[in-house]
1. Residues being more than 15 Å from Ile105 (Cα to Cα) and of a type in the set (Gly, Ala, Ser): count how many of those fall in segment 123-142.
2. Given the options Ile133, Ile105, Ile125, Ile164, name the one that is surrounded by 10 or more Cβ atoms within 10 Å (Cβ to Cβ), at pLDDT below 90 and among the β-branched types (Val, Ile, Thr).
3. Would you mind finding the one in Thr91, Thr97 that is farther than 22 Å from Ala76 by Cα, in a helix (DSSP H, G or I), touching a Ser or Thr at 6+ places or on another chain (Cβ under 6 Å) and polar (S, T, N, Q)?
4. Where the second residue is modelled with pLDDT under 90 and the first is surrounded by 16 or more Cβ atoms within 10 Å (Cβ to Cβ) and lies in segment 71-99, which pairs have Cβ atoms under 7 Å and are six or more apart or on separate chains?
5. Might you check whether a residue that is hydroxyl-bearing (Ser, Thr, Tyr), modelled with pLDDT of 65 or more, in contact with a helix residue (DSSP H, G or I) (Cβ under 9 Å, 6 or more places away or on another chain) and not assigned by TED's automatic domain parsing to the domain that holds Cys135 occurs anywhere in segment 5-24?
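The values are calculated or read from the model by the stated rules, or taken from the named source; none is laboratory data. Remember, predicted model here, so these are calculated numbers, not experimental data. Ideal geometry is used to build each Cβ from the backbone, glycine not excepted, and the neighbour counts take in all protein chains shown.
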Amino acid sequence: MSDASQGDGWWFASDGKWYPPEEESSSLPLAIADALIAVSPPAFQPPPAFQPMPPPIAAPQMSYTNGPAPVVIAGASNGMAVAALVLGILTFFCLGTVGAVLALIFGIIGLAKAKETGVGRGMSIAGITLGAIGCVATAILLFILLLGASTTTTPRGLGSLAKIAPVEQISPLQNLGAHAIIN
(Lines give C-alpha, C1' and ligand atoms only; values in the text may rest on other atoms or scores of the structure.)
Protein backbone atom coordinates (compact mmCIF):
# COMPACT_ATOMS: atom_id res chain seq x y z
CA MET A 1 0.00 0.00 0.00
CA SER A 2 1.31 3.38 -1.01
CA ASP A 3 0.22 6.85 -1.91
CA ALA A 4 2.03 6.65 -5.31
CA SER A 5 2.33 3.97 -7.96
CA GLN A 6 5.45 1.88 -7.50
CA GLY A 7 5.54 0.46 -11.02
CA ASP A 8 3.79 -1.73 -13.51
CA GLY A 9 0.86 -3.77 -12.22
CA TRP A 10 0.04 -1.56 -9.26
CA TRP A 11 -3.61 -0.54 -9.10
CA PHE A 12 -5.43 2.42 -7.61
CA ALA A 13 -8.22 1.52 -5.16
CA SER A 14 -11.32 3.48 -4.25
CA ASP A 15 -9.80 4.37 -0.88
CA GLY A 16 -7.25 6.49 -2.72
CA LYS A 17 -4.25 4.20 -2.21
CA TRP A 18 -2.09 2.21 -4.61
CA TYR A 19 -1.84 -1.52 -4.09
CA PRO A 20 0.76 -3.95 -5.49
CA PRO A 21 -0.27 -6.71 -7.90
CA GLU A 22 0.02 -9.58 -5.38
CA GLU A 23 -2.24 -7.83 -2.91
CA GLU A 24 -4.98 -7.24 -5.51
CA SER A 25 -6.60 -10.64 -5.08
CA SER A 26 -6.21 -10.71 -1.29
CA SER A 27 -7.48 -7.21 -0.49
CA LEU A 28 -10.91 -7.41 -2.17
CA PRO A 29 -12.94 -10.52 -2.84
CA LEU A 30 -13.56 -11.08 -6.57
CA ALA A 31 -17.35 -11.01 -6.18
CA ILE A 32 -17.19 -7.51 -4.67
CA ALA A 33 -14.79 -6.31 -7.36
CA ASP A 34 -17.06 -7.68 -10.10
CA ALA A 35 -20.08 -6.01 -8.50
CA LEU A 36 -18.28 -2.66 -8.37
CA ILE A 37 -17.32 -2.97 -12.03
CA ALA A 38 -20.88 -3.87 -13.04
CA VAL A 39 -22.37 -0.93 -11.11
CA SER A 40 -19.89 1.69 -12.23
CA PRO A 41 -21.17 3.86 -15.08
CA PRO A 42 -19.46 3.46 -18.45
CA ALA A 43 -16.80 5.97 -19.29
CA PHE A 44 -17.89 8.81 -21.55
CA GLN A 45 -16.79 8.41 -25.12
CA PRO A 46 -17.25 11.26 -27.55
CA PRO A 47 -19.07 10.46 -30.80
CA PRO A 48 -16.85 9.63 -33.75
CA ALA A 49 -15.79 12.51 -35.91
CA PHE A 50 -17.76 13.15 -39.10
CA GLN A 51 -16.35 11.30 -42.05
CA PRO A 52 -17.61 11.88 -45.58
CA MET A 53 -19.12 8.99 -47.53
CA PRO A 54 -16.65 7.11 -49.71
CA PRO A 55 -17.16 7.55 -53.45
CA PRO A 56 -19.43 4.96 -55.09
CA ILE A 57 -17.80 1.97 -56.65
CA ALA A 58 -18.00 2.15 -60.41
CA ALA A 59 -19.52 -0.79 -62.24
CA PRO A 60 -17.08 -2.65 -64.44
CA GLN A 61 -17.21 -1.62 -68.04
CA MET A 62 -18.46 -4.18 -70.52
CA SER A 63 -15.89 -5.25 -73.01
CA TYR A 64 -16.87 -6.11 -76.52
CA THR A 65 -14.28 -8.87 -76.78
CA ASN A 66 -16.24 -11.49 -74.81
CA GLY A 67 -17.49 -13.12 -77.97
CA PRO A 68 -20.22 -12.55 -80.50
CA ALA A 69 -23.48 -11.05 -79.38
CA PRO A 70 -26.43 -13.44 -79.18
CA VAL A 71 -28.63 -13.44 -82.23
CA VAL A 72 -32.13 -12.29 -81.30
CA ILE A 73 -34.67 -11.87 -84.03
CA ALA A 74 -36.92 -9.00 -83.05
CA GLY A 75 -40.58 -9.98 -83.12
CA ALA A 76 -39.93 -13.65 -83.76
CA SER A 77 -43.12 -15.60 -83.24
CA ASN A 78 -44.81 -18.78 -84.31
CA GLY A 79 -48.10 -17.87 -85.99
CA MET A 80 -49.38 -21.44 -85.95
CA ALA A 81 -48.81 -21.68 -82.21
CA VAL A 82 -50.64 -18.41 -81.61
CA ALA A 83 -53.53 -19.55 -83.81
CA ALA A 84 -53.72 -22.89 -81.96
CA LEU A 85 -53.88 -21.14 -78.58
CA VAL A 86 -56.52 -18.62 -79.70
CA LEU A 87 -58.69 -21.29 -81.34
CA GLY A 88 -58.32 -23.53 -78.28
CA ILE A 89 -59.58 -20.75 -76.03
CA LEU A 90 -62.41 -19.76 -78.38
CA THR A 91 -63.52 -23.42 -78.56
CA PHE A 92 -65.18 -23.01 -75.16
CA PHE A 93 -66.86 -19.69 -75.95
CA CYS A 94 -68.14 -19.66 -79.51
CA LEU A 95 -66.42 -22.03 -81.96
CA GLY A 96 -67.21 -25.45 -80.49
CA THR A 97 -66.05 -28.54 -82.32
CA VAL A 98 -64.75 -26.66 -85.37
CA GLY A 99 -62.46 -24.57 -83.17
CA ALA A 100 -61.29 -27.66 -81.28
CA VAL A 101 -60.33 -29.53 -84.46
CA LEU A 102 -58.58 -26.45 -85.90
CA ALA A 103 -56.74 -25.91 -82.59
CA LEU A 104 -55.47 -29.50 -82.78
CA ILE A 105 -54.31 -29.10 -86.39
CA PHE A 106 -52.63 -25.71 -85.88
CA GLY A 107 -51.10 -26.91 -82.60
CA ILE A 108 -49.43 -29.89 -84.25
CA ILE A 109 -48.11 -27.75 -87.12
CA GLY A 110 -46.96 -25.09 -84.63
CA LEU A 111 -45.16 -27.70 -82.54
CA ALA A 112 -43.25 -28.89 -85.59
CA LYS A 113 -42.33 -25.29 -86.43
CA ALA A 114 -41.29 -24.68 -82.81
CA LYS A 115 -38.77 -27.51 -83.04
CA GLU A 116 -37.11 -25.67 -85.96
CA THR A 117 -37.23 -22.12 -84.61
CA GLY A 118 -37.38 -22.63 -80.84
CA VAL A 119 -40.32 -20.23 -80.50
CA GLY A 120 -43.91 -21.06 -79.55
CA ARG A 121 -43.61 -24.53 -78.05
CA GLY A 122 -45.71 -23.68 -74.97
CA MET A 123 -48.47 -22.05 -76.99
CA SER A 124 -48.60 -25.04 -79.34
CA ILE A 125 -48.92 -27.48 -76.45
CA ALA A 126 -51.62 -25.32 -74.85
CA GLY A 127 -53.55 -25.19 -78.15
CA ILE A 128 -53.31 -28.96 -78.58
CA THR A 129 -54.46 -29.52 -74.99
CA LEU A 130 -57.43 -27.14 -75.26
CA GLY A 131 -58.42 -28.60 -78.64
CA ALA A 132 -58.33 -32.14 -77.25
CA ILE A 133 -60.40 -31.11 -74.24
CA GLY A 134 -62.91 -29.45 -76.59
CA CYS A 135 -63.16 -32.59 -78.76
CA VAL A 136 -63.65 -34.84 -75.73
CA ALA A 137 -66.28 -32.48 -74.26
CA THR A 138 -68.14 -32.43 -77.58
CA ALA A 139 -68.09 -36.23 -77.80
CA ILE A 140 -69.44 -36.55 -74.25
CA LEU A 141 -72.22 -34.02 -74.94
CA LEU A 142 -73.22 -35.79 -78.16
CA PHE A 143 -73.32 -39.14 -76.36
CA ILE A 144 -75.54 -37.69 -73.61
CA LEU A 145 -77.86 -36.06 -76.16
CA LEU A 146 -78.18 -39.22 -78.26
CA LEU A 147 -78.73 -41.35 -75.18
CA GLY A 148 -81.41 -38.95 -73.96
CA ALA A 149 -83.13 -38.77 -77.34
CA SER A 150 -83.34 -42.52 -77.67
CA THR A 151 -85.04 -42.98 -74.28
CA THR A 152 -87.56 -40.14 -74.61
CA THR A 153 -90.72 -40.92 -76.61
CA THR A 154 -94.06 -39.26 -77.04
CA PRO A 155 -97.39 -41.12 -76.91
CA ARG A 156 -97.97 -40.81 -80.67
CA GLY A 157 -94.38 -41.12 -81.89
CA LEU A 158 -91.77 -38.53 -82.81
CA GLY A 159 -93.58 -37.08 -85.83
CA SER A 160 -97.06 -36.55 -84.35
CA LEU A 161 -98.64 -33.14 -84.58
CA ALA A 162 -100.67 -31.75 -81.74
CA LYS A 163 -104.09 -30.24 -82.16
CA ILE A 164 -104.59 -26.64 -81.15
CA ALA A 165 -107.78 -25.88 -79.22
CA PRO A 166 -109.43 -22.48 -78.83
CA VAL A 167 -109.37 -20.75 -75.44
CA GLU A 168 -113.00 -21.62 -74.63
CA GLN A 169 -112.24 -25.37 -74.40
CA ILE A 170 -109.41 -25.01 -71.84
CA SER A 171 -110.15 -25.58 -68.18
CA PRO A 172 -109.11 -22.86 -65.70
CA LEU A 173 -106.29 -25.10 -64.41
CA GLN A 174 -104.81 -25.30 -67.91
CA ASN A 175 -104.90 -21.58 -68.62
CA LEU A 176 -101.75 -21.19 -70.69
CA GLY A 177 -102.71 -18.34 -72.95
CA ALA A 178 -104.72 -18.11 -76.15
CA HIS A 179 -104.28 -21.74 -77.28
CA ALA A 180 -103.32 -25.01 -75.62
CA ILE A 181 -102.06 -28.31 -76.93
CA ILE A 182 -104.49 -31.19 -76.60
CA ASN A 183 -103.68 -34.85 -77.07
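1. 2
2. Values: Ile133 fails: at pLDDT below 90; Ile105 fails: at pLDDT below 90; Ile125 fails: at pLDDT below 90.
Residue meeting the stated conditions: Ile164.
3. Checking each option against the conditions leaves just Thr97.
4. Once the first residue is surrounded by 16 or more Cβ atoms within 10 Å (Cβ to Cβ) and sits in segment 71-99, its partners that are modelled with pLDDT under 90 give Asn78/Thr117; Leu87/Leu95.
5. The initial filter retains those residues of segment 5-24 that are hydroxyl-bearing (Ser, Thr, Tyr), namely 5, 14, 19.
Narrowing further to those that are modelled with pLDDT of 65 or more: 14, 19.
Adding the requirement that they be in contact with a helix residue (DSSP H, G or I) (Cβ under 9 Å, 6 or more places away or on another chain) leaves 14, 19.
In the following step, the residues that additionally are not assigned by TED's automatic domain parsing to the domain that holds Cys135 were identified as 14, 19.
Yes - at least one qualifying residue is present in segment 5-24.
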